[in-house]
Amino acid sequence: MRRVKLVFSFVSIAIFIMASFCFAADVAKIGIIDLQRVLETSSPGKSAQAEIKKQKENMEKDLQQKGAEIEQIRQRLEREAMVMSKEMREEKEREARIKLNDFKTLQKRYRAELQALEKKLVTELREEVFALVDEMGKKGGYLLIISKIGVLYSPNTIDITDKLIQQLNKRYAKKSSN
């Protein structure tokens, strides 16, 4: 009787172990994408960043020019304030204030335009990346592909960012050549 219990327990354990191996063979395939790295290293990401940088430099150059003009007006007003009549000085001060307000308005407008451009380009890139991730997920048999944001740990073996960047660069090269 004791021997039967022992054999039964060994057989039960063996069946349990074999069953767990059978279920383990069908492991869910999970991938992780680092969207920040895609933005920084992919061709469309670099192109978007270059466009934003170019636009920003043009805006900064224009603002510097207008700022220099305002500074010249202010310096001229300080130099000539003693020889001007009160009405003339008030008029020049008013013109300087108007130019300064125009400068601040232009600065806000440029900032808003730059943010809108950045949002537009990042949104376009994100939509393209998501479409490609969907395609990769279906073709690769992934159960789940998640963004690295919020993931505290992941082994490098499930990071498919490089594959995504390669495919994204291929698509971008095709679009650029057409």
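The values are calculated or read from the model by the stated rules, or taken from the named source; none is laboratory data. In this text, all values refer to a predicted model and were calculated from it rather than measured experimentally. Here the Cβ positions follow ideal geometry from the backbone for every residue, glycine too, while neighbour counts run over all protein chains shown.
Quick check on my filter: what residues within region 138-178 are within 16 Å of R37 (Cα to Cα), part of a helix (DSSP H, G or I) and β-branched (V, I, T)?
I158, T161, I165
Is at least one residue of region 111-124 assigned to a helix (DSSP H, G or I), at pLDDT below 90 and of a type in the set (G, A, S)?
The answer is no; no qualifying residue exists.
Quick one: would you say L77 is modelled with pLDDT under 90, touching an Asp or Glu at 6+ places or on another chain (Cβ under 7 Å) and surrounded by 15 or more Cβ atoms within 10 Å (Cβ to Cβ)? It would help to see each step written out before you state the result.
On the way: modelled with pLDDT under 90: yes; touching an Asp or Glu at 6+ places or on another chain (Cβ under 7 Å): yes; surrounded by 15 or more Cβ atoms within 10 Å (Cβ to Cβ): yes.
So L77 passes the test.
Evaluate region 138-156: report whether one residue or more is modelled with pLDDT of 90 or more and over 16 Å from the mean Cα position of the chain (by Cα).
Checked region 138-156: no residue is modelled with pLDDT of 90 or more and over 16 Å from the mean Cα position of the chain (by Cα).
What's the total number of residues in region 59-81 that are of a type outside the set (K, R) and touching a helix residue (DSSP H, G or I) at 6+ places or on another chain (Cβ under 9 Å)?
Of region 59-81, the ones of a type outside the set (K, R) are 59-60, 62-65, 67-73, 75, 77-78, 80-81.
If we keep only those that are touching a helix residue (DSSP H, G or I) at 6+ places or on another chain (Cβ under 9 Å) too, we end up with 59-60, 62-63, 67, 69-70, 73, 77, 80-81.
Here the count works out to 11.
Just one of (1) loosely packed, with under 12 Cβ neighbours inside 10 Å; (2) closer than 30 Å to E124 by Cβ trips up I52, so point out which.
(1)
Out of curiosity, is E91 assigned to a helix (DSSP H, G or I) and over 30 Å from S42 (Cα atoms)?
Judged against the criteria, E91 is a match.
Please find, among A48, A19, the residue that is out of contact with any Lys or Arg (no Cβ under 7 Å at 6 or more places or on another chain) and at pLDDT 90 or above. Steps first, please.
Numbers: A19 fails: at pLDDT 90 or above.
It is A48.
If I filter region 104-113 for residues that are over 30 Å from D34 (Cβ atoms), polar (S, T, N, Q) and surrounded by 10 or more Cβ atoms within 10 Å (Cβ to Cβ), do I get at least one hit? Working first, answer last.
To start, the set of residues in region 104-113 that are over 30 Å from D34 (Cβ atoms) comprises 104-110.
Going one step further and asking which of them are polar (S, T, N, Q), we end up with 105, 107.
With surrounded by 10 or more Cβ atoms within 10 Å (Cβ to Cβ) added as a condition, the list becomes 105, 107.
Yes - at least one qualifying residue is present in region 104-113.
Which condition breaks for K120 when tested against (1) closer than 19 Å to S42 by Cβ; (2) surrounded by 11 or more Cβ atoms within 10 Å (Cβ to Cβ); (3) touching a residue at least 24 places away in the same chain (Cβ under 8 Å)?
Of everything listed in (1) closer than 19 Å to S42 by Cβ; (2) surrounded by 11 or more Cβ atoms within 10 Å (Cβ to Cβ); (3) touching a residue at least 24 places away in the same chain (Cβ under 8 Å), K120 misses just condition (3).
Within region 125-178, track down each residue that is surrounded by 14 or more Cβ atoms within 10 Å (Cβ to Cβ), touching a helix residue (DSSP H, G or I) at 6+ places or on another chain (Cβ under 9 Å) and among the aliphatic types (A, V, I, L, M).
L125, V129, L132, V133, M136, I145, I160, L164, I165, L168
Would you pick out the residues in region 42-58 that are part of a helix (DSSP H, G or I) and in contact (Cβ under 8 Å) with a residue 40 or more places away in the chain? Can you show your working first?
The initial filter retains those residues of region 42-58 that are part of a helix (DSSP H, G or I), namely 43-58.
Scanning region 42-58 gives S43, P44, G45, S47, A48, E51, I52, Q55, K56.
Take the residues in region 89-110 that are over 36 Å from the mean Cα position of the chain (by Cα) and not charged (D, E, K, R); name whichever of them is modelled with the lowest pLDDT.
Here the answer is A96.
Here are the criteria: (1) aliphatic (A, V, I, L, M); (2) at pLDDT below 90; (3) surrounded by 16 or more Cβ atoms within 10 Å (Cβ to Cβ). Tell me which single one A28 does not satisfy.
Failing condition for A28: (3).
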